[in-house]
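So the structure is just underneath, and the comments pick up after that.
The values are calculated or read from the model by the stated rules, or taken from the named source; none is laboratory data. Quick caveat, the model's predicted, so the values are computed rather than measured. Neighbour counts run over all protein chains shown; Cβ positions are idealised from the backbone, glycine included. Note: areas computed on protein heavy atoms with side chains; ligands, DNA, RNA excluded. Shrake-Rupley method; radii C 1.70, N 1.55, O 1.52, S 1.80 Å.
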Amino acid sequence: MGSQEKYVTKQIQERFRQLAKEARDLYLTTVVPTLDHVPSPLEFHRDWVCPNKPVIIQGAISHWPALHRWTDEYLRKILGDKELTVAVTPNGYADAVVGNKFVMPEERTMSFTEFLDTLDQKTDSQGVFYIQKQNSNLTEEFHKLIPDADVQLKFATEAFGRLPDASNFWMGDKRAVTSMHKDHYENLYCVVRGQKTFTLLPPTDQPFVPYGNYQAACFKKNDTGTFDIVDDHSTGEVPWIPLDPTNPDLDKFPQFVNARPIQVTVNAGETLYLPSLWFHHVQQSHRCIAVNFWYDMEFDIKYSYYKFVESLVEVADKG
């Protein structure tokens, strides 16, 4: 690399640091604030969606019978022998970088009773089990639970002007971890039982978040009861983040020292508004249950600026 290219790369990286600092100085906070009331659609859109800021909302699901009904005994009675799709991994990391591959979970079909028995360690099944299928499974596999909850949050539906693109049910082992990624959705994440801990990074920290392209693969249990990693050639390569924000390897990813992760715990009865394009890593308590609603984001000037910064990151990386 010539001296001119080095100078340009250094200047771009300095501008990235200034962008992140300016965002923190102007509108971001070091903690996720909590609303003690359900916002009106106007308040929600004006104060949180437009500025792309996360917030904890109390009371948004206080009317859900699920908050007191969804015990193991009740769920066994309602779902019992219902066949469900469960993600299984040896280590709790589904959809994550393992070595030089992007590894997806093995998907198994089992009854809900068998799933609960596995969480209770009443079976000899090896691995970490997590209900995490993100195909609006609340309205498909778990439709019997809808009378206890809802398929939307009305204030959010009115604010976004559309119904959710997906409504998902989540439940699993405390060892199940969601690796860091971002989504092109406005996410309303409601914890019904237990707690979830989110580690968040704003889109303005994007230049400090490492990406790589990894061969897609899946975990597959073998005859010995352990797991193999089998390449998924039909998917090809997947761009993903190889870093754990709760324990970053700064020798390997030195730029991450400029990032400022925000950690927030969402307790039962609370709802996290997780704005589109925010990076997030998720941990949970054992047997935590949650429902989330994905609303399509607006592909407006915010998205255009995000893609512009993304393109500059690629230029700086090549330099």
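For residues that are farther than 22 Å from Arg260 by Cβ and not hydrophobic (A, V, I, L, M, F, W, C), scanning just the stretch 12-51, find the one that is nearest to the chain's Cα centre (by Cα). Among those residues, the one meeting the criterion is His45. For Thr123, state whether it is touching a Phe, Trp or Tyr at 6+ places or on another chain (Cβ under 7 Å) and without any contact (Cβ under 8 Å) to a residue 24 or more places away in the chain. No.
With respect to being farther than 29 Å from Val230 by Cα, surrounded by fewer than 19 Cβ atoms within 10 Å (Cβ to Cβ) and over 23 Å from the mean Cα position of the chain (by Cα), Ile78 fits the description. Residues that are touching a helix residue (DSSP H, G or I) at 6+ places or on another chain (Cβ under 8 Å), over 23 Å from Val282 (Cα atoms), open to solvent by 20 Å² or more (accessible area, probe 1.4 Å) and of a type outside the set (Asp, Glu) are absent from the stretch 206-220 altogether. Tell me, yes or no, whether the stretch 198-219 has at least one residue that is among the hydrophobic types (A, V, I, L, M, F, W, C) and without any contact (Cβ under 8 Å) to a residue 24 or more places away in the chain. No - not one qualifying residue is present in the stretch 198-219. Filtering Ala166, Ala156, Ala176 for residues that are open to solvent by less than 40 Å² (accessible area, probe 1.4 Å) and either touching a Lys or Arg at 6+ places or on another chain (Cβ under 7 Å) or within 16 Å of Gln284 (Cα to Cα) (or both) leaves a single hit, Ala176.
Among the residues of the stretch 102-122, those identified as in contact with an Asp or Glu (Cβ under 9 Å, 6 or more places away or on another chain) and open to solvent by less than 50 Å² (accessible area, probe 1.4 Å) are Phe102, Val103, Met104, Pro105, Met110, Ser111, Phe112, Thr113, Leu116, Thr118, Leu119. Exactly one residue among Leu274, Leu250, Leu243 is of a type in the set (A, V, I, L, M), closer than 23 Å to Arg175 by Cβ and in contact with a helix residue (DSSP H, G or I) (Cβ under 7 Å, 6 or more places away or on another chain), and that residue is Leu243. Can you confirm whether Gly194 is open to solvent by 10 Å² or more (accessible area, probe 1.4 Å), farther than 23 Å from Leu28 by Cβ and free of Cβ contacts under 8 Å to residues at least 40 places away in the same chain? Criteria not met by Gly194. Within the stretch 1-43, being within 17 Å of Lys318 (Cβ to Cβ) and open to solvent by 90 Å² or more (accessible area, probe 1.4 Å) holds for Met1, Ser3, Gln4, Glu5, Lys6, Tyr7, Lys10, Arg15.
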